[in-house]
Amino acid sequence: MEFIEIGNALERLLAILAVVAHGLGRLVLVSGGLGSGKSTLLHRFWREAGQGDAVFLSASGSVAESGLQFGVVEQLFVSGDLPGDLADRVLLRVGEAAGQSEEAPDPEALTEIARESCAALLALSRERTVVVLVDDLQFVDQASREVLLFLARRLRSAPVLFVFSEWLWPQPTLPGYRAELSRLPHRQMCLSALTERTVTRMVERELPAAAAAAVAPAIYRQSAGNPLLVAALLDEYRARPGSLADGLASGRAFGQAVVASLRRWGPWLLDVVQALVVLGDRATAADVSRLCGVRVGKVQQVLEIMTSAGLVEDGRLRHVAASDAVLDSMPPDRLARLNGQAAEVLLQAGDTGMRLAEHLVAAGAAETSWAVTALLDGAERALAADRVEFAMQCLELALRGSREPERKAVIGASIVRAAWRIQPSLGAPYREHLRTAALTGGLSDTDVFVALRQALWQGDLENATATYQALTGPGRHSDPQVAARARLAYQWVHGPGQTLVAEADQPDPRTGDDLWSQAAHTLGKVWGERVRKSITISAEHVLRSSPLGDTTIEAIGTALLALTLSNRAEEAAVWCDRLIDEARRRGARTWQAVLSSLRARIALHRGELGTAVRLAEDSLRLMQPSDWGICVGLPLGTLAMAQTALGRHEEAEATLHRPVPDAMFGTRHGLWYLRARGHHHLACDRLLAALTDFQDCGRLARNWGMDVPALLPWRSDLAEAYLRLGEPGTARPLVEAQLERAGTADVATRGMSLRILAACGEADWRESLLREAVEALEKTGDRRELSRALVDLSQVYYDSGDLGQARNLARRAEQEAKACEIPLRAAHRDVACHAGAVRGAEPVVPTAAAGDEQVPVSGAVLSGAEIRVARLAGLGHTNREISKKLFLTVSTVEQHLTRVYRKLGITSRAELPAGLAARGQELGVAEPSELYTAG
């Protein structure tokens with residue numbers, strides 16, 4: 001047997017034909033594996049030699065016609081350019097024998113047809129050389145095979161060339177017939193794989209030079225020199241030029257070519273390959289045999305053929321497109337049935353891992369107890385591997401197949417737990433079953449925790465209370481760590497002072513020596529006490545020992561917030577960024593959304609306003625409002641607060657107009673939302689509305705045991721509102737009370753409170769208070785609050801005539817404001833104006849819109865409130881009308897006008913600058929002390 005490439009084989013056939021033309025018959029047997037190019041070789045031989053004097057008779061065996069006796073003989077005599085009488089005599093005999101049995105052709109008919117065929121070819125060969133081409137000899141019907149053998153024996157001295165192709169099979173399919181052919185003088189050629197050089201030449205003939213040089217190595221690597229695959233990959237490249245860039249990235253056309261080739265080799269071969277693909281990686285020949293019903297030996301032969309053809313490697317198809325095409329070739333019901341049978345094969349082989357569950361899901365049925373058990377096990381494995389969608393499929397199928405109510409409840413809890421990772425609302429249909437099972441004691445501690453969280457996030461406080469008591473009640477020996485996480489989950493939503501965990505001041509006696517539970521208990525005090533060292537140590541312990549998982553997100557969030565409030569926001573940001581990356585990598589959108597909202601709050605605490613907006617928006621995109629439930633106040637509050645601080649008041653207004661559940665206002669997230677709304681009202685001069693929100697914050701915080709200045713500095717918020725109303729006497733006691741509650745350790749609250757206290761008191765005390773505020777805020781990293789304190793301190797020096805110091809502080813304030821990403825013309829235009837004033841330039845009042853002409857104000861610097869009052873007064877409004885428009889008291893309007901008159905050196909409204917009265921819109925702010933009135 002000679003192994004030869006298809007190109008060289010063609011040259012040999014042409015040479016043999018030249019010899020036959022001189023009167024000597026020849027028999028050539030061409031063999032090759034799957035896709036090796038046997039049919040292509042015969043076609044190319046006919047195309048190149050058929051232009052000469054030779055007469056070509058061609059036929060092809062096929063599985064479909066292998067039982068049609070004399071079918072190939074009929075093909076031969078209708079294919080060539082034969083005189084009518086020669087072909088007619090043979091075809092007449094074939095027609096007479098057509099109705100005979102497929103099993104055994106009539107010997108007499110066989111002899112007559114063979115003799116007529118021999119006579120026809122002999123007569124034809126006296127005039128011209130005759131070439132008989134038969135492809136796929138292994139599928140030729142028995143009668144035609146006998147005729148071909150008869151002809152090859154008797155025409156050896158005539159100019160007749162027989163070329164038969166057959167598949168290369170480890171064990172010949174027709175051993176007796178093959179032996180008879182081999183006794184005749186013949187030349188046998190076995191087609192080998194193409195070399196890289198040959199593949200490169202083929203590609204160069206088909207593609208432009210640059211493209212050929214780029215893709216030829218990939219085509220050779222992916223095809224393993226198989227001519228069929230080379231041709232298919234070339235077609236694929238022409239359709240999609242980038243398809244061969246990386247890996248075995250062949251597409252649909254490639255896969256269909258592979259399936260078409262498999263079909264030519266017979267249905268049982270395709271059955272074997274289908275079974276192989278369905279079983280997937282690590283399938284053994286024995287597994288494939290059991291699934292498709294083909295003997296193990298024959299399966300092994302198929303695998304050898306497929307491997308030599310470059311289609312199989314390590315017992316599986318090398319090309320994804322080929323696998324996909326094989327699966328697509330099966331009707332859905334057959335594919336489902338095969339997957340069900342594959343699950344049984346794996347079960348018998350002792351493989352109860354993820355593969356078993358994958359086959360059951362593909363089968364779409366779980367009608368036995370073992371199938372339900374396998375699906376539940378597969379779901380847990382999938383969750384551990386972060387394949388949440390597949391875990392959900394396993395669980396839903398197991399639920400349909402389960403018959404026991406208790407088991408259904410457990411499965412429903414698992415569905416809710418899995419859904420919470422990616423989209424909590426997917427678990428909504430199972431919440432009622434989960435609630436019932438949690439209260440009746442049929443669930444594990446973890447599943448009861450899941451039920452508690454569902455009730456909390458949906459605002460069902462009554463159910464949450466009952467579920468928590470079911471988990472932690474005296475009759476249940478629950479895991480102390482799960483119980484501790486449950487307490488933190490409740491506090492995450494409701495804080496410490498509502499009925500459920502009012503006992504949290506006392507450690508759970510079940511914690512014993514469990515250090516994590518003890519740390520969680522201490523950490524929970526962050527909601528009701530000053531942040532102290534024991535709380536931050538517990539926060540670190542919880543973060544280091546709590547992997548990101550289905551029951552830890554609230555504990556992690558509490559720890560991150562504790563670090564943030566204890567002047568360690570930078571460390572909290574590093575932790576949070578790391579956890580967000582992990583959640584993103586693991587595809588847990590809910591975890592990512594919650595952590596992004598926390599990271600936004602940390603950014604806001606540090607004055608990183610642009611980052612806070614981006615992260616809050618990310619969290620709201622990752623999870624729909626229905627999934628956030630009553631916890632939506634956290635991202636919405638942070639977003640509105642940051643937008644307000646940036647001067648994006650229309651955006652903040654839109655954020656605060658998003659629908660929220662009424663129950664949200666009964667949670668600590670609702671307090672955060674109220675505070676954000678109050679600051680937005682304050683920035684928009686809706687002072688009475690701001691007062692209402694800040695007062696509500698204070699009242700609820702006190703009622704719920706959450707009156708912690710670091711967590712919710714409502715007193716300073718309220719004081720700022722009273723200052724804007726011109727009531728420093730009311731503001732001062734609020735700030736002093738906040739300073740007392742915050743203590744010296746809470747430097748962030750202390751710095752902010754000192755700044756506001758300075759605005760409440762006499763000028764003699766302002767410098768020292770503001771210096772202390774700046775010193776405290778420099779330690780916190782909150783550049784926005786620091787900028788506000790610097791502006792106020794700059795104003796003190798400006799008023800005292802120390803323009804050099806005022807200039808330096810104003811410049812520094814401007815730098816800090818820019819670092820917070822605050823647009824200069826929007827939210828801190830007062831810094832720019834004051835900086836210009838202290839540099840000696842003529843102070844101006846910039847307009848609210850870019851491009852408007854600036855209005856000089858007689859060398860004086862007016863505050864924002866003074867400008868707004870003066871503009872309306874210049875337009876002819878009375879003091880009472882102005883008070884109603886700006887939500888101010890009449891007394892406050894009078895005070896603003898008095899200061900305006902004094903600064904401008906005038907005595908009446910009539911003397912107000914015309915530029916102020918002419919403006920039909922709010923003007924900018926120039927005085928540093930009015931910077932960031934939005935809070």
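The values are calculated or read from the model by the stated rules, or taken from the named source; none is laboratory data. Worth saying up front: this structure is predicted, and the values here are computed from it rather than measured. Ideal geometry is used to build each Cβ from the backbone, glycine not excepted, and the neighbour counts take in all protein chains shown. For accessibility, only protein heavy atoms count, side chains too; no ligands or nucleic acids. Shrake-Rupley method; radii C 1.70, N 1.55, O 1.52, S 1.80 Å.
Dipole magnitude for the chain: about 1200 debye, using +1 per Lys or Arg Cβ and -1 per Asp or Glu Cβ, origin at the Cα centre.
Return the FRET efficiency for the residue pair Thr692, Thr352: r is the Cβ-Cβ distance, R0 is 45 Å, and the value is rounded to the nearest 0.05. Once rounded, the FRET efficiency stands at 0.10. For the stretch 675-789, the mean projected area of the C-alpha convex hull, equal to one quarter of the hull surface, is 6.7 nm².
Using 1/(1 + (r/R0)^6) with R0 = 45 angstrom and r between the beta carbons of Arg295 and Thr368, what's the FRET efficiency to the nearest 0.05?
Numbers: r = 28 Å, r/R0 = 0.63.
It comes out at approximately 0.95.
Order these peptides, 117-129, 442-454, by their mean beta-carbon neighbour count within 10 angstrom, highest first. Let's see the in-between values first.
Values: 117-129: 18.5, 442-454: 23.5.
Those peptides, ordered most packed to least, come out 442-454, 117-129.
Using the Cβ-Cβ distance between Gln188 and His22 with R0 set to 25 Å, the FRET efficiency from 1/(1 + (r/R0)^6) comes to roughly 0.70. A straight Cα-to-Cα reach below 29 Å connects Lys884 with the lysines Lys903, residues fewer than 8 places away in its own chain not being considered.
Each residue, Ala737 and Arg334, gets one label point 7 Å from its Cα in the Cβ direction; the gap between the two is 8.1 nm. Descending by average beta-carbon neighbour count within 10 Å, the peptides 390-401, 328-339, 292-303 line up as 390-401, 292-303, 328-339, the highest first. For the stretch 347-393, the dipole from Cβ point charges (+1 on Lys and Arg, -1 on Asp and Glu) about the Cα centre works out to 40 debye, to the nearest 20.
The equivalent ellipsoid that matches the C-alpha gyration tensor of the stretch 864-917 spans semi-axes of 16, 12, 9 angstrom, in descending order.
Using the alpha-carbon atoms, what tilt in degrees (0 to 90, nearest 10) does helix 252-264 show relative to the longest principal axis of the chain? Once rounded, one gets 30 degrees. Select from Val259, Leu734, Ser36 the residue farthest towards the positive end of the dipole of the chain; place +1 on Cβ of Lys and Arg, -1 on Cβ of Asp and Glu, and compute about the Cα centre. Projecting each Cα onto the dipole axis, the largest value belongs to Leu734. When only alpha carbons of the stretch 29-183 are considered, Rg and Dmax amount to 14.9, 43 Å.
Taking 0.36 nm per residue of sequence separation and removing the Cα-Cα distance, the Gln805/Ala384 pair yields an extension gain of 145.5 nm. Think of the chain as having a plus end and a minus end, set by charges on the Cβ of Lys, Arg, Asp and Glu; of Trp704, His433, Ser753, Ser753 sits farthest toward the positive end of this dipole.
Accessible area per residue for the stretch 321-450 is 42 Å², calculated with a 1.4 Å probe on protein heavy atoms, without ligands, DNA or RNA. Accessible area per residue for the stretch 864-917, computed on protein heavy atoms with a 1.4 Å probe, is 47 Å². Secondary structure note: in the chain, about 15% of the DSSP beta bridges are antiparallel. Taken as Cα centroids, the stretch 673-709 and the stretch 152-166 sit 102 Å apart, rounded to the nearest whole angstrom. Remark: the stretch 340-458 carries a charge dipole of roughly 340 debye about the Cα centre, counting +1 on each Lys and Arg Cβ and -1 on each Asp and Glu Cβ. Relative to the 2.2 N^0.38 Å rule of thumb, the stretch 355-456 has a C-alpha radius of gyration ratio of 0.99. Across all directions, the average projected area of the convex hull around the alpha carbons of the stretch 515-564 is 3.0 nm².
In this rough spin-label picture, where each label sits 7 Å from Cα along the Cβ direction, the Arg153-Glu653 distance is 10.3 nm.
So if each residue of separation counts as 0.36 nm, and I subtract the Cα-Cα distance between Ala211 and Arg909, what length gain in nm does that give?
On the way: separation 698, 0.36 × 698 = 251.28 nm, distance 8.16 nm.
My answer for the length gained is 243.1 nm.
Enter the angle in degrees (range 0 to 90, nearest 10) between the Cα long axis of helix 803-819 and the first principal axis of the Cα atoms of the chain, meaning the one along which they spread out most. Tilt of helix 803-819: around 30 degrees.
Once the gyration tensor of the Cα atoms in the chain is diagonalised, the equivalent ellipsoid follows with semi-axes of 87, 36, 21 Å, ordered largest first. In terms of its Cα atoms, the stretch 266-424 spans 51, 28, 27 Å along the principal axes, sorted from long to short.
Run the helix sum for the chain: -39,500 (n - 2.57) per DSSP H stretch of 4+ residues, divided by residue count, reported at 222 nm to the nearest 500 deg cm²/dmol. All intermediate terms of the calculation are to be shown ahead of the outcome.
Numbers: 46 runs with 593 residues, N = 935.
After summing the helix terms and dividing by residue count, I get -20000 deg cm²/dmol.
In the context of the full set of protein chains, residues of the stretch 4-192 present 43 Å² of accessible surface per residue (probe radius 1.4 Å, heavy atoms only).
May I ask for the equivalent-ellipsoid semi-axes of the stretch 640-688, computed as the square root of five times each C-alpha gyration tensor eigenvalue and listed largest first in whole Å?
Details: eigenvalues 71, 26, 17 Å².
One finds semi-axes of 19, 11, 9 Å for the stretch 640-688.
Modelled spin-label separation between Val78 and Arg252, with each label point placed 7 Å from Cα along the Cα-to-Cβ direction: 3.4 nm. Close amide H pairs (under 5 Å, H built 1.01 Å from N) link Phe56 with Asp81, Val131, residues at least 5 positions away or on another chain.
For Lys533, a cut-off of 28 angstrom between C-alpha atoms picks up these lysines, skipping any fewer than 8 places away in its own chain: Lys525, Lys779. Per-atom-type breakdown for the chain gives carbon and sulfur 50% of the accessible area (1.4 Å probe, protein chains only). Annotation: peptides 348-355, 897-904, 67-74, ranked by per-residue average of other Cβ atoms within 10 Å with the highest first, follow the order 67-74, 897-904, 348-355. The angle between the Cα long axis of helix 431-440 and the main principal axis of the chain comes to about 70°, on a 0 to 90 degree scale.
Once the Cα-Cα distance is subtracted from the 0.36 nm per residue extended length, the Leu515 to Glu432 segment shows a gain of 26.4 nm. With the charge dipole of the chain set up from +1 on Lys and Arg Cβ and -1 on Asp and Glu Cβ about the Cα centre, the Cα lying farthest toward the positive end among the listed residues Leu194, Pro241, Leu27 is that of Pro241.
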